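Notes for the one structure printed next.
The values are calculated or read from the model by the stated rules, or taken from the named source; none is laboratory data. Predicted model, so just to flag it, every value in this text is computed and none were measured. A quick note on method: Cβ atoms are made from the backbone with ideal geometry, for glycine too, and the neighbour counts reach across all protein chains shown. Heavy atoms of the whole protein, side chains included, go into the accessibility calculation; ligands, DNA and RNA do not. Shrake-Rupley method; radii C 1.70, N 1.55, O 1.52, S 1.80 Å.
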Amino acid sequence: MRRWNGARRGVHVNPNVRYTYRVLAAALALSGRVDEARTVGAEMLRRYPKETVSAFLKREPWPDSRYRAGQNREISGMRLAGIPE
């Protein structure tokens, strides 16, 4: 199962949670499905216009280096999906 399937279910089950949009957009982008990721990212920004890479980092500053690589991967996917800085 692709890692974005769980996030896609999350968006379908509860479309009022920004986390699922962010994770789905990033996972799709990192899987090479950039056009689809940009569509999901655009929908997230329509619902949550203040959700940016900077807002994510401010809200979730993962200081533990063991987890930083995963966060950096997610941020790379967010950027590919067109989520602004």
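Things worth noting here:
- Residues that are aliphatic (A, V, I, L, M) and in contact with an Asp or Glu (Cβ under 9 Å, 6 or more places away or on another chain), drawn from the range 29-71: Ala29, Leu30, Met44, Leu45, Val53
- Ala81 meets all of the listed conditions (1) aliphatic (A, V, I, L, M); (2) loosely packed, with under 13 Cβ neighbours inside 10 Å; (3) touching a residue at least 24 places away in the same chain (Cβ under 8 Å) but one, namely (2).
- Residues located in the range 50-60, provided they are over 16 Å from Thr20 (Cβ atoms) and open to solvent by 80 Å² or more (accessible area, probe 1.4 Å): Lys50, Lys58
- Tally, over the range 34-59, of residues that are under 17 Å from Gly10 (Cβ atoms) and not in a helix (DSSP H, G or I): 2
- Lone qualifier among Arg8, Arg18 - being in contact with a Phe, Trp or Tyr (Cβ under 6 Å, 6 or more places away or on another chain) and open to solvent by 20 Å² or more (accessible area, probe 1.4 Å): Arg18
Rundown of residues vs (1) of a type in the set (S, T, N, Q); (2) open to solvent by less than 30 Å² (accessible area, probe 1.4 Å); (3) more than 17 Å from Tyr19 (Cβ to Cβ), yes/no style:
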{"site": "Ala29", "(1), (2), (3)": "no, yes, no"}
{"site": "Gly32", "(1), (2), (3)": "no, no, yes"}
{"site": "Thr39", "(1), (2), (3)": "yes, no, yes"}
{"site": "Met44", "(1), (2), (3)": "no, yes, no"}
{"site": "Tyr48", "(1), (2), (3)": "no, no, no"}
{"site": "Tyr67", "(1), (2), (3)": "no, no, no"}
{"site": "Gln71", "(1), (2), (3)": "yes, yes, no"}
{"site": "Ser76", "(1), (2), (3)": "yes, no, yes"}
